[in-house]
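Working notes, beginning with the structure itself.
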């Protein structure tokens, strides 16, 4: 390490040495003792250093803005470093404040409501203007209040405290204004906070209601002309005109298929119009026997039908809806399984205490790319195959809708050329033990 003036430590050491030397000369000339002069100078320097230290600590403790340093030496270097760090910290704070203002402006401009909730007590930490408008919150009065105390709704309380709170809550009426419908969604974005997203879905709900009404009305109106056409077809005698036999037969098949489509559309409309399914105990042993009879009648001895009942429990729900859903799965298995194939209808327990009804076949199978969309209305894996089998393209839509109303899930496994398995998985809350 080189020693030369100009650097803080070196200049301070040279200054100290000069002061001590001057103190020694002062003590020898005036006090008659070299060490007395040195001690006096040392005490003065210690007092001066403590004063500088006290001044710096006071500035830091009071968080006052430092002025540009003008001194030299160690203390000048220290004050210069503190001044630069304070300036850098101030610049960072200004940048962070600008970013925070921009984020708040973005959050305030978003049409969806956003509410930050504390996880433990569901207290409101922050909300934007859209949330205040949609939920009737007041700023800053409602900050720190419990969210469920402000939005008094049994559906919200059950949803936010239930196991499905990460699933959206749809079609919630605004208190005091039933014409506005909301959807709520909880997002866990930190370990101790929720982000509640509130969206106005009034327009979507109105359009969905218009669609349901249109489908229901059109389907209902189609019944009369189809009945008339079918009646006139029954009056035709193909024996009088043998060349008409294939034409009349095809017209009867198509009118029957159209009538089935109308019935399926009306079934979907009724399911969508009803809020909750009826609560009754569905005796699964009787229902399985009914499904077996339907499968035998549809198969006409062309398939091997097997029933497996190992669950020893029943279901809670609507017998009519569940029968319709299971019957659709069984009829699909019969339609798409070649002759001499095997169809197995199983009712078994699950590891979580629930149960599942599965319909397995050794049919043609479904390509993997079609499975995610196969429950959509009128979606067809093969249009020619669906027409030949007499399908309407609505059966699996009805199944999915019925299962959704019973808080169940449809699981699909399939392999082309091997067969398919459709499983209706019910949770423990839907199970009733057999007596």
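The values are calculated or read from the model by the stated rules, or taken from the named source; none is laboratory data. Computed from a predicted model, the values in this text were never measured in an experiment. Here the Cβ is made from the backbone with ideal geometry for all residues, glycine too, and neighbour counts use every protein chain on show.
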Note to self: I'd like the full set of residues that are more than 16 Å from residue 187 (Cβ to Cβ) and in contact with a helix residue (DSSP H, G or I) (Cβ under 7 Å, 6 or more places away or on another chain), limited to the stretch 157-170.
What the structure shows: 157
Next item on the list: Please find, among 264, 256, 213, the residue that is closer than 30 Å to residue 183 by Cβ, touching a residue at least 12 places away in the same chain (Cβ under 8 Å) and touching a helix residue (DSSP H, G or I) at 6+ places or on another chain (Cβ under 9 Å).
Entry: 264
Check: Wholly within the stretch 32-151, which helices (runs of 4 or more DSSP H) include no fewer than the required count, namely at least 3 residues that are within 30 Å of residue 165 (Cβ to Cβ) and either assigned by TED's automatic domain parsing to the domain that holds residue 166 or modelled with pLDDT of 75 or more (or both)?
Finding: 73-109, 129-135, 147-150
Item checked: Test result for residue 181, closer than 30 Å to residue 135 by Cβ and modelled with pLDDT of 85 or more -> yes
Notebook entry, point to check: Of 122, 135, 117, which residue is under 21 Å from the mean Cα position of the chain (by Cα), surrounded by 14 or more Cβ atoms within 10 Å (Cβ to Cβ) and farther than 16 Å from residue 189 by Cβ?
Noted result: 135
Next item on the list: Select from the stretch 346-381 the residues that are touching a helix residue (DSSP H, G or I) at 6+ places or on another chain (Cβ under 8 Å), surrounded by fewer than 17 Cβ atoms within 10 Å (Cβ to Cβ) and farther than 22 Å from residue 401 by Cβ and list them in ascending order.
Entry: 352, 353
Notebook entry, point to check: From the list 199, 181, 185, which one is touching a strand residue (DSSP E or B) at 6+ places or on another chain (Cβ under 8 Å) and touching a residue at least 60 places away in the same chain (Cβ under 8 Å)?
Noted result: 199
